[in-house]
1. Out of the GluC sites (Glu not before Pro) in the range 112-200, which ones are loop residues according to DSSP with at most 13 other C-beta atoms within 10 Å?
2. Explain nothing, just the number: dipole magnitude of the chain about its Cα centre with +1 on each Lys and Arg Cβ and -1 on each Asp and Glu Cβ, in debye rounded to the nearest 20.
3. Run the accessible area of the range 1-93 with a 1.4 Å probe and give the carbon-and-sulfur part as a rounded percent.
4. Calculated from DSSP H runs of 4 or more alone, at -39500 (n - 2.57) each and per residue, what is the 222 nm mean residue ellipticity of the chain, nearest 500?
5. For the range 291-367, what does the accessible surface come to per residue with a 1.4 Å probe? Please give it in Å².
6. Mind checking the range 62-155 for trypsin sites (Lys or Arg not before Pro) that DSSP puts in a loop (not H, G, I, E or B) and that have at most 15 other Cβ atoms within 10 Å?
7. Among A116, A146, G209, pick out the residue whose Cα is farthest towards the positive end of the charge dipole of the chain, where Lys and Arg carry +1 and Asp and Glu carry -1 on C-beta, about the Cα centre.
8. Considering only protein heavy atoms and a 1.4 Å probe, what is the carbon-and-sulfur percentage of the accessible area of the range 184-339?
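The values are calculated or read from the model by the stated rules, or taken from the named source; none is laboratory data. In this text the structure is predicted, and so the values were computed from the model without any measurement. Glycine gets a Cβ as well: all are built from the backbone with ideal geometry, and neighbour counts include every protein chain shown. Note: areas computed on protein heavy atoms with side chains; ligands, DNA, RNA excluded. Shrake-Rupley method; radii C 1.70, N 1.55, O 1.52, S 1.80 Å.
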Amino acid sequence: MSTKKVWGTGIVGAGGWGGQAHIPALAAIEAYEVKAVTGTRVESAQAAAEQYGIASYYTSTSEMAERPEIDVVAVTVKVPEHDRLLRAALEAGKHVYSEWPLARNTAEAQALLELAEERGVKHVAGLQARGNPAVRYIRDLVTERAVGRVLAVNAVVTLPVFPTSNGIVDLAHVYLLDEANGADQLTIGAAHVLDAIEYMVAPFVEVSGRLDTQYPEVNVLETGQRVTADAPDHVLVHGRLAQNALVSAQFVNAGAPGFTLRIIGTGGELLITPRDGLMFQMDRLTLQLVRASGETELLETPDAYASQVRNLFPDPGYNVAHLYALFAQRLAGEEAELPDFSQAVRLHRLLDAIRAASASGVRQEVG
């Protein structure tokens with residue numbers, strides 16, 4: 001069992017999500033020290049290192065991962081690059097944190113899982129809602145039958161800025177319009193919520209669904225260029241969970257931004273809405289218990305669920321930090337439940353089942 005207490009971490013890509021979420025998250029946990037960063041260009045890598053006070057910078061993930069002071073490599077860049085960059089870290093024998101989606105498709109994800117297991121390293125996928133103290137609290141409330149036997153789960157999520165807003169997209173997000181890139185409304189907007197439903201209530205055993213591209217032509221904000229899209233921007237999922245609760249979930253690229261998630265049982269329901277105005281997987285969440293009598297109680301997540309993270313402001317890195325805290329426990333040889341690459345592969349397979357159901361019109365079993 002390892003007794004190492006501070007894990008040297010290298011960030012692959014600090015210009016976007018890595019800088020917004022991962023670096024602040026790691027700074028909030030004593031178990032990590034960010035020692036290096038990589039960028040696509042020397043200038044951008046150096047600028048990120050200077051901005052965040054990081055000692056070293058590289059343009060090669062392989063070169064960074066070979067450094068002895070690097071124990072953990074976090075890959076935070078766009079999905080199409082995950083396979084190549086994760087392989088570089090895994091081949092160097094380093095523990096890895098991969099942002100979700102793990103890969104462009106299930107075959108890539110499965111191969112990464114096999115390589116990680118072959119190398120004998122620890123791994124975590126960025127399904128950060130599972131690190132959210134509120135989500136873990138909700139799971140316990142469901143287990144303790146706070147709303148009785150769960151009959152239904154209902155989710156309505158409106159994301160008018162993902163990936164387009166009224167048929168407009170910025171240059172940084174044009175790649176979301178190509179389904180082959182593995183990053184779209186299904187794999188990100190829907191997947192984070194569906195994964196949380198599995199975690200809080202029970203796994204899916206069957207699904208039906210409909211995927212649609214309601215903005216097949218999109219204007220690029222900066223250039224005015226009109227580009228075509230084939231990635232789904234509207235997702236409708238119906239399903240059954242392992243304990244027989246029925247699920248209805250809709251993810252719409254329009255409307256007022258927000259979400260409502262209801263876990264409805266024989267004794268009432270848990271009503272989950274935004275607290276911070278962020279996407280579900282980033283938000284701290286507002287939780288209400290609505291009893292069968294109609295009485296409503298606002299619930300606060302007990303401090304015990306906050307793990308090792310304290311004094312972190314609500315922002316995109318909030319739930320990422322809690323996931324890193326759980327990962328630190330795993331790295332230290334302790335028991336810690338967190339979404340590793342095995343869970344990521346399962347979620348990729350669930351998304352495959354939804355695609356198959358949409359294409360065929362036939363309900364699909366989920367293994």
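1. E144
2. So the dipole magnitude of the chain works out to roughly 520 debye.
3. Carbon plus sulfur share of accessible area: 48 percent.
4. -8500 deg cm²/dmol
5. 50 Å²
6. Of the trypsin sites (Lys or Arg not before Pro), the ones in loops of the range 62-155 whose Cβ has at most 15 other Cβ atoms within 10 Å are R145, R149.
7. Selected residue: A146.
8. Exposed carbon and sulfur together represent 49 percent of the surface.
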